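Trainee: Below: one structure in structure tokens.
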Amino acid sequence: MRVRLLRPARQETYEKIFDTVYVGLMTNLLMTVACAPVLAALALVRDPLASWPFFAVLSAVCAPALAGAFRCFALLGEGSTAVFSAFWRGYRRAAVRAVAAWLAGAAGVSVLALDAVIVAGTSWGPALVPFFVTAAALVAGVTVAVLIVVAETSRRVRELVRPCLYLVARRWYLTVPALAVLALAVAVVLLKPLPGLLLALSPLLYVAWATIRYAVLPLVTEN
């Protein structure tokens with residue numbers, strides 16, 4: 001009986017794998033540099049939860065970095081591995097719009113979280129927990145969707161909120177897993193900063209980006 005050996009993969013397959021790994025590692029490094037103020041503050045502040053308003057505002061520096069990372073992912077799909085130029089081009093082009101979207105989203109989530117804490121002590125508070133969780137998830141999903149669109153287009157944030165809200169809510173089965181992956185990325189970075197930033201961040205971000213981008217694809221392709 002003849003034993004059939006596995007054929008080696010084509011050279012293009014290996015090149016694509018190496019390109020993907022390279023883009024991921026470089027994106028991790030650039031994200032780390034761009035988000036350095038937040039990382040430094042987290043290292044210096046003993047109790048970040050007690051200073052959450054400060055971190056909610058400071059976290060806005062991560063918005064242009066996410067736009068740059070999303071731009072790298074989009075160009076990787078087109079076969080480009082020019083990570084540095086793609087990242088900073090996406091960073092510069094979307095910086096103002098990304099920060100505006102991020103601050104609006106952070107404000108919305110903060111208000112919902114405060115309201116949830118206030119009503120939690122009431123007798124009817126637990127009945128409203130699903131509402132606050134769903135609303136906060138919706139705000140977060142719309143914010144990420146807007147960042148994805150502004151990273152690839154020149155459209156304004158104001159004209160993207162309603163269509164992103166519609167698409168994110170309509171395709172909730174894509175939004176919920178993507179937000180879960182983003183939450184996992186944040187948890188990994190907070191628990192294990194060095195391996196989280198240098199190894200795990202890009203793969204998790206890519207999964208979330210690809211999922212939500214598919215949900216809002218009409219806004220990305222319509223220019």
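Trainee: Can you give the charge dipole size of the chain about its Cα centre, rounded to the nearest 20 debye, using +1 on the beta carbon of Lys and Arg and -1 on the beta carbon of Asp and Glu?
Mentor: 520 debye
Trainee: I would also like to ask the following. Compare Trp209, Trp88, Trp124 in a GNM of the chain, Cα atoms joined below 10 Å, and give the one with the largest fluctuation.
Mentor: Trp124
Trainee: So which trypsin sites (Lys or Arg not before Pro) in the range 38-144 pass both tests, a DSSP loop state and at most 16 other Cβ atoms within 10 Å of the Cβ?
Mentor: Counting only loop positions with at most 16 other Cβ atoms within 10 Å, the trypsin sites (Lys or Arg not before Pro) in the range 38-144 are Arg46.
Trainee: In addition: Of all GluC sites (Glu not before Pro) in the range 60-165, which ones are in loop regions per DSSP and have a Cβ with at most 14 other Cβ atoms within 10 Å?
Mentor: Answer by residue number: Glu78, Glu159.
Trainee: Tell me the angle of helix 161-170 to the major Cα principal axis of the chain, expressed in degrees between 0 and 90 and rounded to the nearest ten.
Mentor: Compared with the principal axis, the helix lies near 80 degrees.
Trainee: Please list 3J(HN,Hα) in residue order for the range 105-117, calculated via the Karplus relation 6.51 cos²θ - 1.76 cosθ + 1.60 where θ = phi - 60°; whole Hz, with x for glycine and proline.
Mentor: x, 5, 5, x, 5, 5, 4, 5, 5, 5, 4, 5, 5
Trainee: I'd like the distance separating the alpha-carbon centroids of the range 31-84 and the range 107-134, in whole Å.
Mentor: Using only Cα atoms, the two centres lie 28 Å from each other.
Coordinate-derived values only; no laboratory data. Remember, predicted model here, so these are calculated numbers, not experimental data. Here Cβ is always computed from backbone atoms with ideal geometry, including for glycine, and neighbour counts include all displayed protein chains.
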